[in-house]
1. What is the set of long-range amide H partners of VAL158 at a cut-off below 5 Å, with H atoms built 1.01 Å from backbone N?
2. Using θ = phi - 60° and the Karplus relation 6.51 cos²θ - 1.76 cosθ + 1.60, list the HN-Hα couplings for the stretch 11-18 in order, rounded to whole Hz, with x at every Gly or Pro.
3. Provide the per-residue ³J(HN,Hα) series for the stretch 117-132, in order, calculated from phi with Karplus coefficients 6.51, -1.76, 1.60 and θ = phi - 60°, each as a whole number of Hz, with x at glycine and proline positions.
4. Show which aspartates and glutamates lie in cross-link reach of LYS92 when reach means a straight Cα distance below 18 angstrom and same-chain residues fewer than eight apart are skipped.
5. Can you pull the one-decimal nm distance between simple spin-label points at THR209 and LYS229, each 7 Å off the Cα toward Cβ?
6. Kindly provide the helix-only [θ] at 222 nm of the chain, computed as the sum of -39,500 (n - 2.57) over DSSP H runs of four or more divided by all residues, to the nearest 500 deg cm²/dmol?
7. Any idea what % of Cα-Cα pairs in the stretch 174-266 are farther than 19 Å?
8. May I ask you to list the GluC sites (Glu not before Pro) in the stretch 241-272 that are in a DSSP loop and have at most 15 other Cβ atoms within 10 Å of their Cβ?
Amino acid sequence: MNHPIRLAFIGAGNMSSAMIGGLCKSEDSPFVIGLSSRTKEKCEPFRSAGVTVFDTNTEALAWADMIVLGIKPQQYADVLTEFRDSGFDGRKVFVSIAAGISTDAVCRMLGRDVPVVRAMPNTPMLLGLGSTAVSRNASVTDEEYETSRKIFSASGMVIDLPEDKMNAVIAATGSSPAYLYLIIKAIYDEARAQGVDAPTLLDGICQMTAGAAQMIRDSGDDPETLIRKVCSPGGTTERAMQVLYDEDLPGILSRAMQACTVRAEELGAKYQ
Ligand SMILES: NC(=O)c1ccc[n+]([C@@H]2O[C@H](COP(=O)([O-])OP(=O)(O)OC[C@H]3O[C@@H](n4cnc5c(N)ncnc54)[C@H](OP(=O)(O)O)[C@@H]3O)[C@@H](O)[C@H]2O)c1
C-alpha cells in the first residue's frame, strides 16, 4: 500500500471518535484520516485535528484506501448500497465493526468481492484501553491486515481471531464491560447497604477491579490460583465465595454469554 494510507471513517459516532482520537495521538500512525457522517456538524470538531471532512460518503469512499464503517448495523444496507451504486474503482479495504455482520454480507451488500476486515472493539477504547478482536476474509493481504490492526492498536490491544469466532468473542470482550459494570454496581450498592459510605468508595472499588485484573496479567498466577490466595481457610472470602459457587455465578455468566452469542447470530442472520 502507498504511504500515507488514506483512511476514511463513515459515521462520526462513539467508536469512530475513539479510533480517530487514538490515531491522532499515535506517533507512528501510517494514516491520513478522512471522515463523512450524516450530521455534518458532528464532523466539525475533527477538522481541527487535521481530519479531512467530506460532504458525502461516496466522496470519502472515492478518496480512501481503507474505509471504516463506523455506522450501526441497521445503517449498513443504505450506506453499502450507496457505495455499490457509485461504481467505485481501485482496491479498497473495508473495515466493519458491527456486531453479527459477516464479511460475506458486506461483500454481498457491496455487490462485489472486496477485502473486508471484521473487528469487534469495545468502549474502553475511548480511553485507549480497548480490546479489539480482528479477523479478515480471504481477499485481505497480510500487509493490509497488519495495517488494519493499527487502527485498533492505537487505542488498545488487538486479539487476532478467525472470522467464525467473531460472534462468540462479543461476549468475552465486546459487551462484557457491561457485565463488569453490573458486578461493580452490585458491590457498591451492598457496601452502602451495610453502611459503608465515603465519597471515594466507588473509586476504591474501581481501583480494586483494575488492580485485580492487573494481578492476573502481572503476577504469573492464573485466576484460580489468585482466588485460592485470597481465600484463607475458614476466612471471610472463603465464606463469600461459597455463596457465589452455591448460587452458580460462573453458570449465570456462561448463560449470559451464550445469550449474547445467540443474539449476534440473530442480528447477522438479517443480513445473510
Ligand atoms: N458502542 C459499542 O460499545 C460498540 C462496541 C463494538 C462495536 N460497536 C459497533 O460500532 C458501530 C458504531 O457504533 P457507535 O456506538 O459508534 O454508534 P453511533 O455513536 O450511533 O455512531 C454512528 C454514526 O453513524 C452516523 N450515520 C448514521 N447513518 C449514516 C449514514 N447513512 N451515512 C453516514 N453516517 C451515518 C451517525 O450519524 P448521526 O449523528 O446523524 O446519528 C453517527 O455519527 C456499530 O456498528 C456498533 O455495532 C459498538
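Read-outs: derived from the displayed coordinates by stated rules, not from any lab. Everything quoted here is computed from the prediction, not taken from an experiment. We place every Cβ from the backbone using ideal geometry, glycine too, and count neighbours over all the protein chains shown.
1. Residues meeting the criterion, in which the H sits 1.01 Å from N, are THR132.
2. Those phi angles translate into x, 10, x, 4, 6, 4, 4, 5 Hz.
3. 9, 10, 10, 10, x, 9, 5, x, 4, 4, 9, x, 10, x, 10, 10
4. GLU59, ASP65, GLU82, ASP104, ASP113, ASP142, GLU143, GLU144, GLU146
5. 2.2 nm
6. Rounded to the nearest 500, the figure is -15000 deg cm²/dmol.
7. Of all Cα-Cα distances in the stretch 174-266, 57 percent exceed 19 Å.
8. GLU247
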